[in-house]
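The values are calculated or read from the model by the stated rules, or taken from the named source; none is laboratory data. Please read these numbers as outputs of a predicted model, since none were measured by experiment. Cβ sites come from the backbone with ideal geometry, for glycine too, and all protein chains shown count toward neighbours.
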Amino acid sequence: MSVKVFRWRAIGPLLILFVIACVLWWLFADGIARRESQRVGTQMLGAKVEIQDLHLDLKNGDVSIRGLTIASPHEAFKNLLQADEIIADLDMVPLTEKKIVIDRIVANGLRFGTPRQTDGRVAAKSGEGIAGRVLAETRDWANQFQIPLLQLATGKISIDSLDPRRLSTIPAATALGERADSSRRAWQAAFDTLHLGPALDSASATLEKLKRARATDLSTLNEARQALDRLKRARDRVTTLDRNVTQGVSNLKSGLAGLDSARRRDYAFARSLLKLPSLDAPAVGAALFAPGAIKPFERVLYWAQLARRYMPPGLLPRATTGTSRVRRAGEDIRFPKERALPRFLLRNAELSFLLHPNSDQPQRYAGTLSGLTSDPAVYGRPTNFGATGPQLVAGGLLNHLHGVPVDTAGATVGGIRFPAFQVPGVPVRLDPGAAVTQLGFNLNGDTIHARFAIRSTNVRWARDSGFANSTIGDLIWRAVSGISNLDVEARLSGELHHPDLAVRSNLDQAIASRLTAVLGEEVAAAERQIRQRVDSLVNDKVGPVRARVNEIQTQAQAQVAQQRARLDDLQKQLEQQLRQRIGLP
Amino acid sequence: MFALIKLMQSLFGALHSEGTPGQLALGIVLGSFLGLTPLLNLHNAVVFALLVLLNVSFAGGMLGWAVFVPIGFLLDPLFDWIGHSLLLAPSLRGLWTSFYNTPIVPLTNFNNTVVLGSVVFALLFAVPLFFAARFAVVRYRATIGERVRQSKFYRAVMASKVYNVYKMFQP
């Protein structure tokens with residue numbers, strides 16, 4: 001009996017199923033694509049991506065997006081950008097390889113930094129995903145710059161309480177005193193073990209006997225020679241002890257010098273308790289503007305690091321977490337290949353955008369973006385972007401083709417109105433007015449060079465009413481209120497994990513010189529006061545120890561000298577008598 | 001409860017159908033693919049088409065799917081490990097790179113560790129499963145099959161078909 005292999009009558013229902021699937025796709029594809037684009041975009045950028053309408057026209061390979069809003073990953077109620085309309089020209093063939101290649105994008109009505117009603121940050125709140133990790137890393141990176149604020153808020157120089165337990169002189173003095181006592185005991189013990197008494201007594205007796213002896217009394221002469229030998233040996237022992245005492249005394253003197261060093265350290269420590277303003281100009285610049293200057297660097301670094309994660313160099317397989325589903329997501333592993341298509345490629349984008357959209361005369365700008373890809377080594381060309389307009393020049397290049405990625409960006413934007421802000425630590429508010437802002441950024445491997453500058457010729461100053469009666473407030477106000485231009489520059493250079501930050505402004509010298517003039521005397525008096533306070537705590541301990549050390553060294557040295565003198569005297573007399581007895585001159 | 005009754009109906013329907021043990025076993029094998037591997041993937045569309053088009057037991061397929069879905073969930077860590085080992089094996093990198101850059105193949109999600117691991121496992125498991133299922137059906141029909149068919153329990157379960165028919169025609 002033959003068994004049929006195929007169930008031909010099932011083709012009909014299968015075709016119906018296929019048609020149903022096609023109809024469902026036709027009905028819901030736009031919605032699915034919109035939701036997926038929002039989900040993936042939000043996950044990648046670490047901020048909410050919202051799309052009002054998305055339409056797929058697979059027949060012509062077009063994707064049109066209307067009402068795109070991307071929230072800022074850094075600011076709660078601000079958008080990174082909004083776009084009225086984006087039309088993408090999609091290459092259809094690569095879709096069969098699950099690759100997205102966009103030949104051209106035209107974006108109209110881009111607006112930057114617009115306000116939003118809800119908090120659009122995602123990575124900042126959840127800390128999850130690549131964006132979350134990069135955001136946390138850049139935040140930690142920015143936090144490494146500990147900028148001391150100018151302590152001018154009250155206009156007084158205050159001194160924190162000085163805890164005697166934190167002074168190093170007192171334990172050093174105690175230790176030196178114990179060492180001196182220990183040395184004295186050791187020397188006394190060594191002196192006792194010399195046994196000089198018997199040698200001296202024996203030599204004295206022999207001397208007396210020798211005085212009465214005749215030249216032929218050989219036994220007495222021999223006895224005198226033996227006494228001389230004993231005296232010499234005793235002298236050698238005394239010499240050894242003398243060396244030890246000298247060495248010990250030298251150590252104790254070093255200890256006394258160490259007490260002086262400890263006291264200097266205590267002075268420095270006590271000075272650190274003074275809340276003194278930094279009076280040198282670079283420190284003033286850093287204190288005033290560094291907290292604000294770090295932010296643009298942090299944000300640019302966030303985007304650069306994100307680009308490095310999503311656009312890694314090289315052709316090795318790369319694993320990413322798979323699409324979430326009810327079953328375990330697993331990992332998706334990509335296998336880039338030379339001379340093949342990258343997984344994502346945007347060949348060219350033309351951007352048209354507005355700056356100052358709410359002003360009477362919004363300014364229209366144009367920009368381009370080319371070669372944005374997930375696999376730079378496969379595509380073989382770096383990513384370029386640029387924008388130009390009446391008061392804007394911006395450009396950038398992301399070169400991830402080789403092992404060491406190089407990211408460079410620069411922008412000069414004019415006519416930007418910054419909001420007025422409270423200058424940190426200083427009782428004045430600064431309204432920079434319409435300023436020219438420059439940003440330069442180069443991240444070569446792990447070496448960063450970046451510059452951020454603001455220039456304005458129309459700054460306005462407002463005095464903080466809370467400091468109306470403050471001397472320092474008056475001082476700062478007089479120093480800055482006459483200055484109408486602002487020139488701030490922050491530079492960052494060195495290894496990415498620990499770069500050097502230098503901030504200068506045209507206000508630095510003005511503020512620093514006024515501060516030095518007025519506060520110099522006050523600072524000197526405060527330093528004298530704190531030194532006296534240290535001395536009063538330390539002298540009670542150091543004085544007795546110093547006296548004890550001096551006494552011990554004097555006593556030990558005198559004891560040794562006295563015994564050495566007795567030995568020398570006896571030896572001399574014995575030798576003289578001996579020479580007389582045997583008839584030597 | 002309704003799902004359980006449906007599963008029992010599938011089970012008894014398959015075991016007491018006129019299909020040969022081989023057809024039933026092959027249906028179970030194809031169903032096991034649907035259950036063991038993540039469902040929404042291109043290879044499962046092919047499996048489903050085979051289940052419909054080939055002269056195998058569709059009820060057996062549904063039975064295999066129902067039985068192997070929980071097993072698939074349980075074995076996901078194993079599938080992940082298998083897929084990871086295969087995809088990152090240096091000796092296979094050329095093959096995967098070639099697959100990854102060939103049209104249609106990437107749509108199968110073969111480069112996902114769980115998908116590849118589960119498909120490989122299901123393929124290897126298919127042969128023993130086929131023979132075990134065929135042997136079990138033969139033994140069932142030869143031993144207790146007729147007694148089960150005559151039992152009240154069997155009649156009660158299969159009687160719920162009346163309810164199904166009623167459901168089909170209700171407004």
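For region A:325-346, check the following and say yes or no: at least one residue is away from every other protein chain (no Cβ under 14 Å) and either buried (at least 20 other Cβ atoms within 10 Å of the Cβ) or modelled with pLDDT of 90 or more (or both).
Yes, region A:325-346 contains at least one residue that is away from every other protein chain (no Cβ under 14 Å) and either buried (at least 20 other Cβ atoms within 10 Å of the Cβ) or modelled with pLDDT of 90 or more (or both).
Is there a residue being touching a residue at least 24 places away in the same chain (Cβ under 8 Å), within 14 Å of chain B (Cβ to nearest Cβ) and surrounded by 18 or more Cβ atoms within 10 Å (Cβ to Cβ) anywhere in region A:38-61?
Within region A:38-61, not a single residue is touching a residue at least 24 places away in the same chain (Cβ under 8 Å), within 14 Å of chain B (Cβ to nearest Cβ) and surrounded by 18 or more Cβ atoms within 10 Å (Cβ to Cβ).
Go through region A:1-37 and give me each residue that's more than 14 Å from chain B (Cβ to nearest Cβ) and surrounded by 12 or more Cβ atoms within 10 Å (Cβ to Cβ). Show your work before the answer.
We begin by selecting, within region A:1-37, every residue more than 14 Å from chain B (Cβ to nearest Cβ); these are A:19, A:23, A:26-31, A:33-35, A:37.
Listed by number, the residues that qualify are A:Ala29, A:Asp30, A:Ala33, A:Arg34, A:Arg35, A:Ser37.
For A:Asp375, which of the numbered conditions (1) acidic (Asp, Glu); (2) buried (at least 19 other Cβ atoms within 10 Å of the Cβ); (3) under 31 Å from the mean Cα position of the chain (by Cα) fails to hold?
(3)
Count, please, the residues in region A:297-324 that happen to be over 30 Å from B:Phe99 (Cβ atoms) and either of a type in the set (Val, Ile, Thr) or modelled with pLDDT under 90 (or both). Spell out the reasoning first.
Start the filter on region A:297-324 by keeping residues that are over 30 Å from B:Phe99 (Cβ atoms), which leaves A:297-305.
Still in the list and also either of a type in the set (Val, Ile, Thr) or modelled with pLDDT under 90 (or both): A:300.
The total comes to 1.
Would you confirm, using the coordinates I've provided, whether A:Leu68 is in contact with a helix residue (DSSP H, G or I) (Cβ under 6 Å, 6 or more places away or on another chain), buried (at least 16 other Cβ atoms within 10 Å of the Cβ) and under 23 Å from A:Lys99 (Cβ atoms)? Quick ask: steps written out before the conclusion?
Values: in contact with a helix residue (DSSP H, G or I) (Cβ under 6 Å, 6 or more places away or on another chain): no; buried (at least 16 other Cβ atoms within 10 Å of the Cβ): yes; under 23 Å from A:Lys99 (Cβ atoms): yes.
So A:Leu68 does not fit the description; no.
Tell me which of these B:Ser32 doesn't satisfy, since it passes every other one: (1) among the hydroxyl-bearing types (Ser, Thr, Tyr); (2) in a helix (DSSP H, G or I); (3) modelled with pLDDT under 95.
(3)
Of all residues in region A:75-102 being closer than 24 Å to A:Arg116 by Cα and among the acidic types (Asp, Glu), which is farthest from the other protein chains (Cβ to nearest Cβ)?
Going through the qualifying residues, I end up with A:Glu75.
Do the conditions hold for A:Ile157, that is, is it at pLDDT below 80 and not acidic (Asp, Glu)?
Criteria met by A:Ile157.
Look through region A:415-429, keep the residues that are farther than 22 Å from A:Leu492 by Cβ and in contact (Cβ under 8 Å) with a residue 24 or more places away in the chain, and return whichever of them is surrounded by the most Cβ atoms within 10 Å (Cβ to Cβ).
A:Val426
Yes/no matrix, rows are residues, columns are (1) in contact (Cβ under 8 Å) with a residue 24 or more places away in the chain; (2) surrounded by fewer than 17 Cβ atoms within 10 Å (Cβ to Cβ); (3) at positive phi:
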site	(1), (2), (3)
B:Lys6	no, yes, no
B:Gly13	yes, no, no
B:Phe79	yes, no, no
B:Thr97	no, no, no
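Report yes if B:Pro70 is within 30 Å of B:Gly19 (Cβ to Cβ), within 12 Å of chain A (Cβ to nearest Cβ), part of a helix (DSSP H, G or I) and out of contact with any strand residue (DSSP E or B) (no Cβ under 6 Å at 6 or more places or on another chain), otherwise no.
Numbers: within 30 Å of B:Gly19 (Cβ to Cβ): yes; within 12 Å of chain A (Cβ to nearest Cβ): yes; part of a helix (DSSP H, G or I): yes; out of contact with any strand residue (DSSP E or B) (no Cβ under 6 Å at 6 or more places or on another chain): yes.
In short, yes.
With respect to A:Arg364, determine if the residue is touching a residue at least 60 places away in the same chain (Cβ under 8 Å), in contact with a strand residue (DSSP E or B) (Cβ under 9 Å, 6 or more places away or on another chain) and of a type in the set (Lys, Arg).
Details: touching a residue at least 60 places away in the same chain (Cβ under 8 Å): no; in contact with a strand residue (DSSP E or B) (Cβ under 9 Å, 6 or more places away or on another chain): yes; of a type in the set (Lys, Arg): yes.
Here the answer is no, as A:Arg364 does not meet what is asked.
Please state which one of B:Gly145, B:Gly64, B:Gly117 is more than 9 Å from chain A (Cβ to nearest Cβ) and surrounded by 18 or more Cβ atoms within 10 Å (Cβ to Cβ).
Result: B:Gly64 is the single residue among B:Gly145, B:Gly64, B:Gly117 that is more than 9 Å from chain A (Cβ to nearest Cβ) and surrounded by 18 or more Cβ atoms within 10 Å (Cβ to Cβ).
Of the residues in region B:74-88, how many are among the hydrophobic types (A, V, I, L, M, F, W, C) and at the interface with another protein chain (Cβ under 9 Å from one of its Cβ atoms)?
The qualifying residues number 3.
Check B:Asp80 against each of (1) at pLDDT 95 or above; (2) closer than 23 Å to A:Phe344 by Cβ; (3) among the charged types (D, E, K, R) and name the one condition it does not meet.
Among (1) at pLDDT 95 or above; (2) closer than 23 Å to A:Phe344 by Cβ; (3) among the charged types (D, E, K, R), B:Asp80 violates only (2).
Out of all the residues in region A:419-443, which are in a loop (DSSP other than H, G, I, E, B) and touching a strand residue (DSSP E or B) at 6+ places or on another chain (Cβ under 6 Å)?
Matches in region A:419-443: A:Ala420, A:Val423, A:Pro432, A:Gly433.
For every residue, the table says whether it meets (1) of a type in the set (Asp, Glu); (2) surrounded by fewer than 22 Cβ atoms within 10 Å (Cβ to Cβ); (3) touching a helix residue (DSSP H, G or I) at 6+ places or on another chain (Cβ under 9 Å); (4) free of Cβ contacts under 8 Å to residues at least 24 places away in the same chain.
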{"position": "B:Pro21", "(1), (2), (3), (4)": "no, yes, yes, no"}
{"position": "B:Leu51", "(1), (2), (3), (4)": "no, no, yes, no"}
{"position": "B:Leu54", "(1), (2), (3), (4)": "no, yes, yes, no"}
{"position": "B:Val69", "(1), (2), (3), (4)": "no, yes, yes, no"}
{"position": "B:Ile82", "(1), (2), (3), (4)": "no, yes, yes, no"}
{"position": "B:Leu86", "(1), (2), (3), (4)": "no, yes, yes, no"}
{"position": "B:Pro90", "(1), (2), (3), (4)": "no, yes, no, yes"}
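If I filter region B:89-111 down to residues being among the β-branched types (Val, Ile, Thr) and assigned to a helix (DSSP H, G or I), which single residue comes out as nearest to the other protein chains (Cβ to nearest Cβ)? Walk me through how you get there before you give the answer.
The first filter runs over region B:89-111 and keeps only residues among the β-branched types (Val, Ile, Thr), leaving B:97, B:102, B:104-105, B:108.
If we keep only those that are assigned to a helix (DSSP H, G or I) as well, we get B:97, B:105, B:108.
Values: B:Thr97: 4, B:Val105: 8, B:Thr108: 9 Å.
Selected residue: B:Thr97.
When only residues in region B:37-49 that are within 10 Å of another protein chain (Cβ to nearest Cβ) and of a type in the set (A, V, I, L, M) count, which is surrounded by the fewest Cβ atoms within 10 Å (Cβ to Cβ)?
B:Leu40
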